[in-house]
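Below: one structure, written as structure tokens.
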Amino acid sequence: MRIRLSGGDDAQYWDDYVFRHPAATLCHLYGWGKVIRGTYGHPAYYLVAETDDKERRGTIRGVLPLVHIKSLLFGNSLVSMPFLNYGGLLADDEHTEKLLFEEAMRLGRKQRVRNLQFRHIHPLSWTNGQGVDATQGKPVPDPVTHKVRMVLDLPESSTKLFESFKSKLRSQIRKPQKEGLVAVIGGAELLDEYYQVFSINMRDLGSPVHSRKLFENILKEFGDHVRLGVVRYKDAATAAGLIFRFRQTVEIIWASSLKAYNHVSPNMLLYWSLLEYVTDAGYRQFDFGRSTPNEGTYKFKEQWGAKPSTLYWYESGLEADKGSPAGVKAYRFRKKGEELWQSMPLFLANTMGPLIRKNIPL
């Protein structure tokens with residue numbers, strides 16, 4: 001078995017393995033490294049485990065996508081995968097998984113990173129849940145498990161899905177329809193409207209926005225795997241979302257709505273339109289992304305019928321600050337920053353936002 005860094009000619013070889021692996025997610029696809037590097041300049045290290053054949057390419061046994069984010073303000077880290085919900089190790093067996101993990105640790109030491117993060121949807125079988133290799137007693141990253149993935153199993157048709165909703169939810173969906181809101185689903189032709197809604201919402205939340213170039217590169221790299229949804233009210237875009245189709249699952253990665261139109265509920269129509277679209281297209285699951293149990297976004301997703309499953313984010317190198325004075329100061333600083341950001345003109349927020357957002361891996 002050998003572990004090596006992938007090259008440009010490995011893309012199809014890598015993705016063939018990802019599509020076969022039962023624990024793979026869209027976040028493991030080779031193109032994400034190209035998208036992130038092309039947008040923000042972060043180096044991508046894609047590790048391949050394969051059988052050792054000196055005369056030809058070996059048989060792939062595992063993969064680990066990593067992106068290196070280095071910033072004076074936000075630190076130096078290797079993440080699998082930044083800006084996305086999932087990532088981490090994929091392997092045929094425990095031995096290969098460990099080899100990939102050990103190689104990632106070596107790479108981290110070589111790059112002098114302070115933190116490594118692996119965003120898993122399943123726990124690593126060879127850890128005891130307490131930061132120790134259960135088979136050898138070696139330190140491994142501790143799993144952070146306070147977030148969940150929210151997934152809805154889809155029926156055979158959108159009619160059956162709508163009938164499964166509680167009457168209150170059905171009324172909330174009908175309200176924007178009665179108000180004259182219209183949903184459209186498409187590709188790059190909707191990017192202007194999508195980004196307009198997304199950037200205004202991020203500014204209003206006090207959060208630095210992703211570069212428009214990120215979404216341009218996603219659409220260019222992944223093509224028909226990606227769809228944009230936009231809800232219009234009197235010809236104005238009021239809500240927008242980006243979905244990604246991977247095998248039989250569709251994930252909504254980014255979604256936004258404008259608070260000025262909350263009274264006509266464009267967000268409800270956005271989600272229903274996307275659910276209707278993917279259900280009738282034959283997909284079997286809709287992934288609402290990650291949430292913290294019992295918080296606002298969790299309850300929003302739960303009302304559609306989504307069920308939670310624990311996420312396992314393995315981290316090493318940094319310890320969470322729980323209630324220390326420094327943590328309190330950081331929280332206050334963040335709140336002040338959010339208030340300042342909310343008061344910015346949109347053009348300034350859209351200019352400065354990507355310079356900051358590129359270094360925040362969440």
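Where a number appears in this text, it was derived from the coordinates with a stated rule and is not lab data. These numbers come from a predicted model, not from an experiment. With ideal geometry, Cβ positions are generated from the backbone for all residues, glycine too; neighbour counts draw on all protein chains shown.
Assorted remarks:
- For the chain, share of DSSP beta bridges that run antiparallel, in % to the nearest 5: 90 percent
- Approximate spin-label separation LEU340-ASN76, in nm, with each point projected 7 Å along Cα-to-Cβ: 2.6 nm
- Rg and Dmax over the alpha-carbon atoms of the chain stand at 21.2, 66 Å.
- Net charge over other residues, Cβ less than 9 angstrom from the Cβ of GLN303 (K, R count +1; D, E count -1): +3
- Relative contact order (%) - criterion: Cα under 8 Å, at least six apart; region: the chain: 21 percent
- When the trypsin sites (Lys or Arg not before Pro) in the range 189-236 are filtered for DSSP coil states and for at most 13 other beta-carbon atoms within 10 Å of their beta-carbon, the remaining sites are LYS234.
- Positive contributions from Lys and Arg (+1) and negative ones from Asp and Glu (-1), summed over other residues with Cβ under 13 Å from the Cβ of ASP15, come out at -1.
- Each of ARG4 and LYS178 was given a label point 7 Å from its Cα along the Cα-to-Cβ line. The distance between the two points is 6.4 nm.
- Theoretical FRET efficiency, 1/(1+(r/R0)^6), r = Cβ-Cβ of ASP280 and HIS21, R0 41 Å, to 0.05: 0.90
- Chain lengthening between ALA11 and LEU205 when straightened (0.36 nm per residue, less Cα-Cα): 66.2 nm
- The residues neighbouring HIS122, those whose beta-carbon lies less than 12 Å from its own, together hold a net charge of +1 under the Lys/Arg +1, Asp/Glu -1 convention.
- Placing dummy labels 7 Å off each Cα toward the beta-carbon, the span from ILE356 to LYS168 is 3.6 nm.
- As a proxy for reagent exposure, MET1, MET344 were ordered by neighbouring Cβ count within 10 angstrom, fewest first; the result is MET1, MET344.
- Principal-axis tilt of helix 212-222 within the chain, Cα atoms, nearest 10 degrees: 70 degrees
- For the range 224-299, the dipole from Cβ point charges (+1 on Lys and Arg, -1 on Asp and Glu) about the Cα centre works out to 100 debye, to the nearest 20.
- Which of THR238, THR39, THR310 has the fewest Cβ neighbours within 10 Å, and the rest in rising order: THR310, THR39, THR238
- The range 165-186 and the range 1-49: distance between their alpha carbon centers, rounded to Å: 39 Å
- Helix 167-178 axis, angle to the chain major axis (alpha carbon atoms, nearest 10°): 60 degrees
- Cα-based helix-to-principal-axis angle, 266-280 vs the chain, degrees rounded to 10: 60 degrees
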